[in-house]
Amino acid sequence: MRVAIIGTGYVGLTTGVCLAFIGHSVTCLDTDESKIRALREGHIPIYEPYLEEVLEEARPNLSFTSSYAEAIPDADVVFIAVGTPPTPSGAPNLEYLSQAARSIGQNGNGNFTVVVNKSTVPIGSGNWVGSLLRDAVEQSSNGHKTDFAVASNPEFLREGTALHDSLYPDRIVIGADEPRALETLYTLYRPILDQTFPAPVFLPRPDNFAAVPLVSTDLASAELIKYAANAFLALKISFINEIGLVAERVGANITEVARGIGLDSRIGSRFLSAGLGWGGSCFGKDTAALIATAGEYGLHMPIVEAARTVNSRQRDRVVEKLLQELKILKGRTIGLLGLAFKPNTDDLREAPAIEIAQKLIDRGVRVKAHDPIASERFQREHGKMGVCLCPTAEEVADGCDALVLVTEWSDYRELEWEQLAKRMRNPFILDGRHALDGDKLVRSGLRYVTIS
Ligand code: UDX
């Protein structure tokens, strides 16, 4: 099938590359011409494991443009994967979405075309996008009366494993109020639903992974599934962090508690890692948007609100722990290990490291930091904060009164901790992710504390 993808961010580029890889003819569009030029030259603007490799294999089926007139007319399916960044109220900013919908509507060629919301959009946006498309068709100068149908196909990609999550998803959700749209998307995704595409050598199909469940439903349900999934995952993390508070007081081991409850198949062991809590572009944005949408109907969501409150508090607890250890923060030097919001990505959106660094700087602390991948992006996006970026973790440790492990990059587990302890002014480390071997660090001469 012929596919157009509007937006070449994490979601758009990953979706386009995967659909091209399984055999569809895909045109990726972005209004940022420099991005399009870079993509045409094979340069990828984001760090996502295997994306470059899959793109190279899919290249014969892929093209890049900044022209809607080029991307839209022949497309059977158009995915909208533009940003919907949060506004101060929590409601998402939909200007990019509405601009994309209008541009799509103005460039149809008269054939039946399915327009798919891949971006996380407020519940009810499908109908709104449909009205924008109809208005644009009316005003279209090319004389075509394209028959557009709108669908929702929420993404569940985790950064750092986006290619795996796209080719081997837990499920595919499609929502539409027109059967033709559902049928088109079912055809589009057949190779993934039936797992009939040849698996990439570097990203093999998981054992016994033979089929993917399809949830084919109405528009509103598909849109709500996305928010409910992210809100529940965020809630699960905040739940274990709330239990962690009690564990710390009663002397329990929160990692053991998480293991003990996670073995209950009704709970499941994933997303029960206690620590600094969630960051990233999704959980904060989607829980805020869900609360804002509920608010439009006069509804409150105390559980989702609580998940956000608990998560925000985890960053404050870093300062509390450091004050307990150092008594005075002003004039101290504190090193952060890890900046990205999680390992295997360079994404800094809502990264705990940024909020923690700011809290420390506001208290007169000299902050040093290292990240194996995200330092360059940090310098570009947050260079004015005054954080001293170091090329190695060892240089972060030099002269430090404390280290904080913020992002659990595997590199940090392999450090020569005895050496680091000797380089520090005060050999103390706060492990924000329960990622390090506390006994080994104590044997190396460090005082080791966790954020439970
Ligand atoms: C998330 C959802 O998982 C994905 O389905 C959705 O499409 C987009 O948002 P992502 O934000 O990329 O994906 O990362 P994820 O792996 O979910 O982690 C989110 C945050 O939660 C990270 O900051 C991570 O450090 C934190 N986390 C995760 C925990 O604190 N504890 C856990 O047990 C798991």
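The values are calculated or read from the model by the stated rules, or taken from the named source; none is laboratory data. What you see is a predicted model; the values in this text were computed from it and never measured. Cβ coordinates were reconstructed from backbone atoms using ideal geometry, including for glycine residues, and neighbour counts include every protein chain displayed. Just the protein is used for accessible areas: all its heavy atoms, side chains included, with ligands, DNA and RNA removed. Shrake-Rupley method; radii C 1.70, N 1.55, O 1.52, S 1.80 Å.
Just want the answer: with Cβ charges of +1 for Lys and Arg and -1 for Asp and Glu, which residue in 93, 215, 109 is farthest toward the dipole's positive end in the chain?
Sorting the options by dipole projection puts first 93.
Rounded to whole Å and ordered largest first, report the semi-axes of the equivalent ellipsoid of the chain derived from its Cα gyration tensor (root of 5λ). It would help to have the intermediate numbers written out before the result.
Values: eigenvalues 361, 106, 91 Å².
That gives 43, 23, 21 Å for the three semi-axes.
So what's the gap between the Cα centers of the stretch 391-426 and the stretch 81-97, to the nearest angstrom?
Computed from Cα coordinates, the inter-centre distance equals 38 Å.
Heavy atoms of the protein only, probe of 1.4 Å, neighbouring chains included. What is the accessible area of residue 424 in Å², nearest 10?
Accessible surface of residue 424 is approximately 20 Å².
How large is the dipole of the chain about the Cα centre if only Lys and Arg carry +1 and Asp and Glu carry -1, each at its Cβ, rounded to the nearest 20 debye?
On the way: 46 positive and 57 negative charges, 276 e Å.
Value, rounded to 20: 1320 debye.
Just add up the charged neighbours of residue 173: K/R +1, D/E -1, any other residue whose Cβ is under 14 Å from the Cβ of residue 173.
-2
Distance check, please: which entries in 226/359; 384/422; 226/342; 118/384; 359/422; 285/342 exceed 23 angstrom between their Cα atoms?
Beyond 23 Å: 226/359; 384/422; 118/384; 359/422.
List the residues, sorted by chain then number, that are 5 or more residues from residue 5 or on another chain and whose placed amide H is less than 5 Å from its amide H.
27, 28, 29, 79
Determine the distance separating the Cα centre of the stretch 261-340 from the Cα centre of the stretch 7-48; give it in Å without decimals.
So the separation of the two Cα centres works out to 32 Å.
In what sequence, largest accessible area first, do 359, 384 appear using a 1.4 Å probe?
So the residues, ranked largest to smallest area, are 384, 359.
Could the peptides 2-14, 142-154 be put in order, highest first, of the mean number of other beta-carbon atoms found within 10 Å of their residues?
Working: 2-14: 24.7, 142-154: 19.5.
By packing density, highest mean first, the sequence is 2-14, 142-154.
At each listed q (0.11, 0.13, 0.16, 0.18 Å⁻¹), what is the log10 of I(q)/I(0) that the Debye formula gives for the stretch 228-308 modelled as equal alpha-carbon point scatterers?
Values, matching the q order: -0.33, -0.45, -0.64, -0.77.
Sorted by average packing, counted as other Cβ atoms within 10 angstrom per residue and highest first, what order do 204-217, 341-354 take? Could the numbers behind the result be given before it?
Details: 204-217: 12.1, 341-354: 22.5.
My ranking of the peptides, most packed first, is 341-354, 204-217.
What is the distance, in nm, between label points placed 7 Å from the Cα along the Cα-to-Cβ direction at residue 319 and at residue 127?
4.4
List every residue whose amide H lies under 5 Å from the amide H of residue 403, counting only residues 5 or more places away in sequence or on a different chain, with H placed 1.01 Å from N in the peptide plane.
335, 428, 429, 430
Please list, in chain and number order, the residues 5+ apart from residue 151 or on another chain whose amide H is under 5 Å from its amide H, with Hs placed from the backbone.
Here 115, 116, 117 satisfy the definition.
Considering only protein heavy atoms, with the full assembly of protein chains and a 1.4 angstrom probe, order 333, 161 by accessible area, largest first.
Working: 333 10, 161 50 Å².
Descending accessible area places them as 161, 333.
Using label points projected 7 Å from each Cα along Cα→Cβ, tell me how many nm separate residue 44 and residue 141, to one decimal.
Calculated label separation equals 3.8 nm.
Ignoring ligands and nucleic acids, what accessible area does residue 291 show with a 1.4 Å probe (Å², nearest 10)?
Here the accessible area works out near 30 Å².
Taking only complete DSSP H runs, can you tell me which helices of the chain stretch 30 Å or more along their own long axis by Cα positions and average at least -0.5 on the Kyte-Doolittle scale?
Working: long enough: 219-250 (47 Å, 0.95); 302-326 (36 Å, -0.53).
Qualifying helices, which must be both long enough and hydrophobic enough, are 219-250.
Please work out the ratio of the alpha-carbon Rg of the stretch 314-450 to 2.2 N^0.38 Å and round it to two decimals.
Against the empirical 2.2 N^0.38 Å value, I get 0.93 for the stretch 314-450.
Is it possible to state the helix-based mean residue ellipticity at 222 nm for the chain, with each DSSP H run of 4+ residues giving -39500 (n - 2.57), the sum divided by total residues, to the nearest 500 deg cm²/dmol? What is it?
Details: 17 runs with 196 residues, N = 452.
When only DSSP H runs of four or more count, the value is -13500 deg cm²/dmol.
How much length would be gained if the chain were fully extended between residue 300 and residue 410, taking 0.36 nm per residue of separation minus their Cα-Cα distance, in nm to one decimal?
Here the answer is 35.6 nm.
Once label points are set 7 Å from the Cα along Cα→Cβ at both residue 164 and residue 312, what is their separation, rounded to one decimal in nm?
A separation of 3.3 nm, rounded to one decimal place.
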